[in-house]
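Below is one structure; the comments refer to it alone.
The values are calculated or read from the model by the stated rules, or taken from the named source; none is laboratory data. All values reported here derive from a predicted model rather than from experimental measurement. Every residue, glycine among them, receives a Cβ derived from its backbone with ideal geometry; neighbour counts consider all protein chains shown.
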Amino acid sequence: MKRIFALTIIIISVFAGRAQTFEELAPTPPMGWNSWNKFGCNVSESLIREMADAMVLSGMRDAGYEYIVIDDCWQISRDEQGNIVPDPERFPSGMKALADYIHSLGLKFGIYSCAGSKTCQARPGSRGYQFQDARTYASWGVDYLKYDWCYNEDQNPKAAYKTMSDALKECGRPIVFSICEWGESNPWEWAKGIGHLWRTTADIRDCYQCVFDWGGLGVLDIIDKQVELWRYAGPGHWNDPDMLEVGNGGMTEDEYITHFSMWAMLAAPLMAGNDLRDMDESTKMILINTDVIAVNQDTKGEQARRFMDMGEHEIWAKSLSDGEVAVCFLNRTDKPWNLNYDWKKQTMYFVRDVNIRKNTYTVYDLWQHKTIGNTDEILREDIPAHGVLMVKLMKK
């Protein structure tokens, strides 16, 4: 009897301490902060520590943000054994000490590399060193790897990213794998099981609507490219429309609210890209809206669908795990939208298991944080230019 009891304890202990499998690492879209949008190459040990501190003090950690990710320019060379070398002037304590500090705050540590021979800023990439680099990252305590596509030298993207994926799976530490291939080879069609998230477009720019010659896109332009991708997203595998620009100064408050709302609807990773040490109240209000974050982090993991396209105005819907639904009315124009919406007459289809014609739902405004009616009533709201009305339909 004692042997059976002892064996049971051992089995329980093994399963309790079991490391997550690669497929289990991102059950909801990752949330965190990345250095690139605000700081570019101007990264350092002190900056990253201060950002980790600010994530805690601002309340972002408690709202669900957990990854602190250093983007390009932390690496400077390789040593005689081929090991990647951090810039000793900018990171004098080394990456292990930095990771330990971030972990001590209850956060996770992320890093950047590239599938090519060089990174986008011409630092040493990982091509030819994938397994060596993965073991190094594991020894440092890395929890997240963003993997870019510059200097790729005509590699096959699926093969290149699978090589690093295999290296991460064998490195002895669970590491979330972010594929940053810019959507050029439709990674949503092949990257499930290779990575946990994959970029769907060129880099985001801090503007509502704009297209740059080199491929940079504004928020609205990126949203337009997500319309048909909903079928590829789900727990452990996410479409990534790039990092957040909220708080970087290029858009109005309403435009940033639209940006954050639609990323939540799209089940996109929420990776802040601003200076967390110096956030005004508007930026904090947007980034730490727990009602909107809950839509993004819903365990059902469905990406919103655009079920009504009226040209200047759109309506998006996202099914939630509790049998409810998030709905986002998007005003693309420079003029206010005087919404007059009859749920019963105009809503032909939202999502499975939600029948608005037979059942009554409470309409809860996720930005005003209050009930604004129910689905038996006409919804009348003024939606600002470039703004949204984001609501949750809740069972009465």
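Summed over the range 101-116, residues that are in contact with a Lys or Arg (Cβ under 9 Å, 6 or more places away or on another chain), buried (at least 24 other Cβ atoms within 10 Å of the Cβ) and aromatic (Phe, Trp, Tyr) total 1. The set of residues in the range 126-140 that are surrounded by 24 or more Cβ atoms within 10 Å (Cβ to Cβ) and under 16 Å from residue 79 (Cβ atoms) comprises 126, 133, 137. Among the conditions (1) more than 19 Å from residue 271 (Cβ to Cβ); (2) buried (at least 19 other Cβ atoms within 10 Å of the Cβ), the only one that residue 119 does not satisfy is (1). With the structure loaded, tell me whether residue 339 is assigned to a strand (DSSP E or B) and within 26 Å of the chain's Cα centre (by Cα) or whether it fails that test. No.
Within the range 109-159, being among the aromatic types (Phe, Trp, Tyr) and under 22 Å from the mean Cα position of the chain (by Cα) holds for 109, 112, 137, 144, 147, 149. Residues that are surrounded by 20 or more Cβ atoms within 10 Å (Cβ to Cβ) and of a type outside the set (Val, Ile, Thr) were ranked within the range 288-299; the one that is nearest to residue 59 (Cα to Cα) is 289.
Check the range 55-62 and report whether any residue there is assigned by TED's automatic domain parsing to the domain that holds residue 138, within 17 Å of the chain's Cα centre (by Cα), over 16 Å from residue 145 (Cα atoms) and free of Cβ contacts under 8 Å to residues at least 24 places away in the same chain. Within the range 55-62, one or more residues are assigned by TED's automatic domain parsing to the domain that holds residue 138, within 17 Å of the chain's Cα centre (by Cα), over 16 Å from residue 145 (Cα atoms) and free of Cβ contacts under 8 Å to residues at least 24 places away in the same chain. Of everything listed in (1) in contact with a helix residue (DSSP H, G or I) (Cβ under 6 Å, 6 or more places away or on another chain); (2) crowded, with 20+ Cβ neighbours inside 10 Å, the single unmet condition for residue 302 is (1).
Here's the yes/no breakdown for (1) out of contact with any strand residue (DSSP E or B) (no Cβ under 9 Å at 6 or more places or on another chain); (2) assigned to a loop (DSSP other than H, G, I, E, B); (3) within 14 Å of residue 222 (Cβ to Cβ); (4) not assigned by TED's automatic domain parsing to the domain that holds residue 39:
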{"position": "245", "(1), (2), (3), (4)": "no, yes, yes, no"}
{"position": "261", "(1), (2), (3), (4)": "no, no, yes, no"}
{"position": "276", "(1), (2), (3), (4)": "no, yes, no, no"}
{"position": "292", "(1), (2), (3), (4)": "no, no, no, no"}
{"position": "311", "(1), (2), (3), (4)": "yes, yes, no, yes"}
{"position": "327", "(1), (2), (3), (4)": "no, no, no, yes"}
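For residue 143, state whether it is in contact with a strand residue (DSSP E or B) (Cβ under 7 Å, 6 or more places away or on another chain), farther than 19 Å from residue 76 by Cβ and assigned by TED's automatic domain parsing to the domain that holds residue 173. When the stated conditions are applied, residue 143 passes them. Taking the range 194-219 as the range and being within 13 Å of residue 183 (Cα to Cα) and surrounded by fewer than 21 Cβ atoms within 10 Å (Cβ to Cβ) as the test, the residues that pass are 202, 203, 215, 216. Within the range 247-259, the set of residues being under 20 Å from the mean Cα position of the chain (by Cα) and part of a helix (DSSP H, G or I) comprises 255, 256, 257, 258, 259.
The condition of being closer than 28 Å to residue 142 by Cβ, in contact with an Asp or Glu (Cβ under 8 Å, 6 or more places away or on another chain) and not hydroxyl-bearing (Ser, Thr, Tyr) holds for only one of 210, 180, that being 180. The number of residues in the range 342-372 being in a strand (DSSP E or B), of a type in the set (Phe, Trp, Tyr) and at pLDDT 95 or above comes to 1. Among the residues of the range 159-170, those identified as surrounded by 19 or more Cβ atoms within 10 Å (Cβ to Cβ) and within 22 Å of residue 67 (Cβ to Cβ) are 161, 164, 165, 167, 168.
Please state which one of 251, 285 is outside the structural domain of residue 370 (by TED's automatic domain parsing), under 15 Å from residue 60 (Cβ atoms) and at pLDDT 95 or above.
Matching residue, one of 251, 285: 285.
Every listed requirement among (1) within 21 Å of residue 236 (Cβ to Cβ); (2) free of Cβ contacts under 8 Å to residues at least 60 places away in the same chain; (3) under 24 Å from the mean Cα position of the chain (by Cα) is met by residue 170 save one, (3). Scanning the range 104-134 for residues that are closer than 17 Å to residue 66 by Cβ and out of contact with any strand residue (DSSP E or B) (no Cβ under 7 Å at 6 or more places or on another chain) returns 104, 105, 106.
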